[in-house]
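Enquirer: Dropping a structure here in C-alpha cells format, bear with me for questions.
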Amino acid sequence: MDRKQVAVEGSPHLLPPELVNVLRITPIWLVRFDSEDIIHTIVERSINGDAARCIQFDTVKGERTDNNELCVDAANGTLVMEKLGGEVIENSEFFPFAGALIPGRISYSFAGVRTVEITQTLTALTDADSNVLVAPENAQMHKICTTYRRPFGVSMPQPKPGNGGETTDIVLRGRVGVDGKLFDLAVQNSERPELNAEALALAGQWIFTPAMCDGRADVHEASITLHFQGR
C-alpha cells in the first residue's frame with residue numbers, strides 16, 4: 001500500500017491522503033491489541049440498530065492516552081465499529097465472500113469529520129485464465145531489494161511545548177531521499193489544521209540515514225508523527 005505512486009503533471013507524487021486511507025481500510029481493516037493497550041470493560045449497546053458488544057480500552061503512547069473502542073456484532077461477530085485515537089471506522093451492509101463476511105459500506109471519520117464513504121463489492125473470477133495475475137504489458141515494475149535497511153532518524157526536532165494539558169498529534173507522509181532529507185511532504189491526518197504549516201516546516205528539518213537497497217542509498221516512503229505537547 002505505502003509503495004504505490006501516481007503521476008501528477010508528469011511528476012511522481014505520493015497518493016492523496018484520502019486514497020491512502022481507502023487502501024488501508026479496504027476490504028476490511030483488522031487490528032490487534034498489544035502491550036500499549038489497557039482493556040477496561042466490555043459493554044453491550046446498539047450499533048446501526050443491531051446489538052453489539054463493545055470493548056472499551058485505552059492506548060498509552062508516551063504521554064498520550066487515547067480512549068478507544070472496538071464493537072462487534074453480537075450475532076455474527078463482524079467488526080462493525082473501530083474508534084482508535086481520532087479515527088472512527090464504521091462497517092455495515094456485510095455480504096458473504098469466500099467464506100467470510102465483507103462490509104459493503106465503510107465510513108471513515110477523523111477528528112469528528114467524515115472524510116471517506118466507501119461502497120465495495122467483490123466478485124469471484126470463475127472463468128479467468130492462468131495469466132490473470134500477470135502484470136499488463138509495458139507495466140513499470142518496482143525492483144524488490146535482496147537486502148534492505150530502513151532509514152534511521154538522526155535529527156527529528158519536535159514542536160515547542162505549550163502550557164495546555166493535552167497533546168495534539170499531526171501525521172505526515174513523505175519520502176526520505178538518498179540525502180536523508182524528507183520531500184513530497186503532505187498532511188495525512190491532523191487534529192488541528194491550524195498547526196499543519198508548522199508541522200510541515202519542522203518535518204522539513206528532519207534528517208535520516210537513507211534507506212539502503214542492495215548496498216545503495218534508496219528513496220523510502222515514510223509516515224511520521226509530530227507531537228504538539230500542551231498545544
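No lab work stands behind these numbers, since they all come straight from the coordinates. Because the structure is predicted, anything quoted here is derived from the model rather than measured. No Cβ is skipped: glycine too gets one built from the backbone with ideal geometry, and neighbour counts run over all protein chains shown.
Enquirer: Which value in nm describes the separation of the simple spin-label points at residue 181 and residue 69, placed 7 Å from the Cα toward the beta carbon?
Expert: The modelled label-to-label distance comes out at 4.6 nm.
Enquirer: Write down the Å³ per residue value for the convex hull defined by the alpha carbon atoms of region 15-119.
Expert: For region 15-119, the hull spanned by Cα atoms encloses 124 Å³ per residue.
Enquirer: What does the charge count near residue 51 come to, summing +1 for each Lys or Arg and -1 for each Asp or Glu among other residues with Cβ under 10 Å from its Cβ?
Expert: For residues surrounding residue 51, the net value is -1.
Enquirer: Just add up the charged neighbours of residue 187: K/R +1, D/E -1, any other residue whose Cβ is under 13 Å from the Cβ of residue 187. Please report the intermediate quantities before stating the final value.
Expert: Values: positive: 173, 192; negative: 18, 169, 184, 191, 194, 198.
So the environment of residue 187 carries a net charge of -4.
Enquirer: Please identify every one of the GluC sites (Glu not before Pro) in region 107-167 that sits in a loop by DSSP and has no more than 10 other beta carbons within 10 Å of its own beta carbon.
Expert: 137
Enquirer: Given a cut-off of under 8 Å on Cα pairs at least six residues apart, what relative contact order in percent is computed for region 148-229?
Expert: Working: 184 pairs, mean separation 39.3, N = 82.
Rounded, it is 48 percent for region 148-229.
Enquirer: Sticking with this one: Report the number of Lys pairs in the chain whose alpha-carbons are under 25 Å apart, with separation of 8 or more residues or on distinct chains.
Expert: 6
Enquirer: Under a point-charge model restricted to the Cβ atoms of Lys and Arg (+1) and Asp and Glu (-1), what is the dipole moment magnitude of region 27-83 relative to its Cα centre, in debye to the nearest 20?
Expert: Its charge dipole is roughly 80 debye.
Enquirer: Then there is this: Just to be sure I understand the curve: with the Debye formula and one point per C-alpha of the chain, what is log10 I(q)/I(0) at q = 0.14 Å⁻¹?
Expert: The computed values of log10 I(q)/I(0) come out as -1.14.
Enquirer: Using the Cβ atoms and a cut-off under 15 Å, what net charge is assigned to the surroundings of residue 36, where Lys and Arg are +1 and Asp and Glu are -1?
Expert: Around residue 36, the charge tally is -3.
Enquirer: Could you estimate the translational diffusion coefficient of region 119-231 from the Stokes-Einstein equation, with Rh from the Kirkwood formula over C-alpha pairs, at 10 °C and 1.306 mPa s, in whole µm²/s?
Expert: 93
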